[in-house]
1. Do the conditions hold for residue 13, that is, is it assigned to a helix (DSSP H, G or I), modelled with pLDDT under 85 and touching a helix residue (DSSP H, G or I) at 6+ places or on another chain (Cβ under 7 Å)?
2. Taking the criterion of being more than 25 Å from residue 246 (Cβ to Cβ), surrounded by 20 or more Cβ atoms within 10 Å (Cβ to Cβ) and polar (S, T, N, Q), would at least one residue in the stretch 71-81 satisfy it?
3. I need the full set of residues from the stretch 264-275 which are touching a Leu at 6+ places or on another chain (Cβ under 9 Å) and under 16 Å from residue 239 (Cβ atoms), in order please.
4. From the list 272, 289, which one is crowded, with 20+ Cβ neighbours inside 10 Å, modelled with pLDDT of 90 or more and more than 24 Å from residue 54 (Cα to Cα)?
5. Can you tell me which residues in the stretch 202-211 are surrounded by fewer than 17 Cβ atoms within 10 Å (Cβ to Cβ) and of a type in the set (Val, Ile, Thr)?
6. If you scan the stretch 198-240, which residues turn out to be in a helix (DSSP H, G or I) and more than 22 Å from the chain's Cα centre (by Cα)?
7. Go through the stretch 175-222 and give me each residue that's among the polar types (S, T, N, Q) and modelled with pLDDT of 85 or more.
8. Quick one: which helices (runs of 4 or more DSSP H) sit completely within the stretch 104-191 and have at least 3 residues that are without any contact (Cβ under 8 Å) to a residue 12 or more places away in the chain, more than 23 Å from the chain's Cα centre (by Cα) and loosely packed, with under 14 Cβ neighbours inside 10 Å?
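The values are calculated or read from the model by the stated rules, or taken from the named source; none is laboratory data. Every value quoted in this text rests on a predicted model; they were computed, and no experiment measured them. Virtual Cβ from ideal backbone geometry, glycine too; neighbours counted across all protein chains shown.
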Amino acid sequence: MPVRLLSGWRYRALVYSIALSAVGYLAFSLLGGWTEVGDAIVQVGLAGVLGALALSLVNYGLRFARWQLYLRRLGHALRWTTSLRIYVSGFALTTTPGKAGEAIRGVLLKPHQVPYVDSFAAFFSERLSDLLAIVLLTLFGLTVYPQAQPLMLLGAVLAALALVTLSQRSWLLRLRAKTAGPSRFGRHLASLFEVILQAQRCHTPGVLLAATGLSLIGWWAEAFAFFLILYWMGLDVPLTFAVFVFAVSMLAGALSFTPGGLGSTEGVMVALLIWHGVAAPEAIAATILIRMTTLWFAVAIGAVVIARTPGARIRATSGDEIR
């Protein structure tokens, strides 16, 4: 008996929860400095805001190209229009811990003969690629702000551990054989190893190099948008420091596992700008503006796309295993 995972009240609740979280964040942000945010928007101007949004679109486009690379590597050549709609839909759930909600793409890909194990492998590969790119971008401030080095080291260690694990196929196969069992826990563990083993296909040297390049350029585009916002606000912040602040703030948000990095990302960004000499109201305004043109722009696009996706068509068989 098929069940509708994104239909009826569940579908409406998803869309409404996205809208409410965005409105709540906006209200909270504006209450903390609505005058400064308004002044910042005036200083940046309409052209500046559109420029920042355009750079965010560059990031989304390059990350989509990376997603297509992973899917092709896993043996799935979807039409780019279909794949793009599904990929962008995942943005609606960016404000979940570790962006885990973006794994909803697996549900949307299932009717296109993409097994959950493959979509989850692509999702895992995306998160690892993002971590690698962000860690590399934090190197811009390696000597500028030594206090951030433990956080940067933690991100680098996690990325290195993941890559080393992915390189040990024989070890993973033996571990899967030893831990597999008829219990529910054993089945879930076996599914986890299947995802990791599939993700190995997305981390051959050539694919890893291409994906890292796409990730670096994509996240650099948003970091550059942050620099431009600061520049248009008349703040004396060098490009290298702006890139570092953006990257280390994203890293802090990712490692905090708060929904979308909310709170932790903004807190680190504001604190670093103040440390550099930016006045607190201006630091808050710049932070809110860059988050609106990056994180919440993505959520808005995803919400629009997923709202136009017929919920009745998104189905999965009851009791489906991850395979």
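1. On the way: assigned to a helix (DSSP H, G or I): yes; modelled with pLDDT under 85: yes; touching a helix residue (DSSP H, G or I) at 6+ places or on another chain (Cβ under 7 Å): no.
When the stated conditions are applied, residue 13 does not pass them.
2. no
3. Filtering the stretch 264-275 for residues touching a Leu at 6+ places or on another chain (Cβ under 9 Å) gives 264-265, 268, 273.
273, the sole residue that qualifies.
4. 272
5. Pass one, the stretch 202-211, residues surrounded by fewer than 17 Cβ atoms within 10 Å (Cβ to Cβ): 204-206, 209-210.
Once the filter is applied, which keeps residues that are surrounded by fewer than 17 Cβ atoms within 10 Å (Cβ to Cβ) and of a type in the set (Val, Ile, Thr), the stretch 202-211 yields only 204.
6. Step one: filter the stretch 198-240 for residues in a helix (DSSP H, G or I), giving 198-202, 205-232, 239-240.
205, 206, 230, 231, 232, 239, 240, listed by residue number.
7. Here is the first cut: in the stretch 175-222, the ones among the polar types (S, T, N, Q) are 179, 183, 191, 198, 200, 204, 212, 215.
Of everything in the stretch 175-222, those that are among the polar types (S, T, N, Q) and modelled with pLDDT of 85 or more turn out to be 198, 200, 204, 212, 215.
8. Working: elements: 105-109, 116-138, 149-167, 169-179.
The helices (runs of 4 or more DSSP H) meeting that bar are 169-179.
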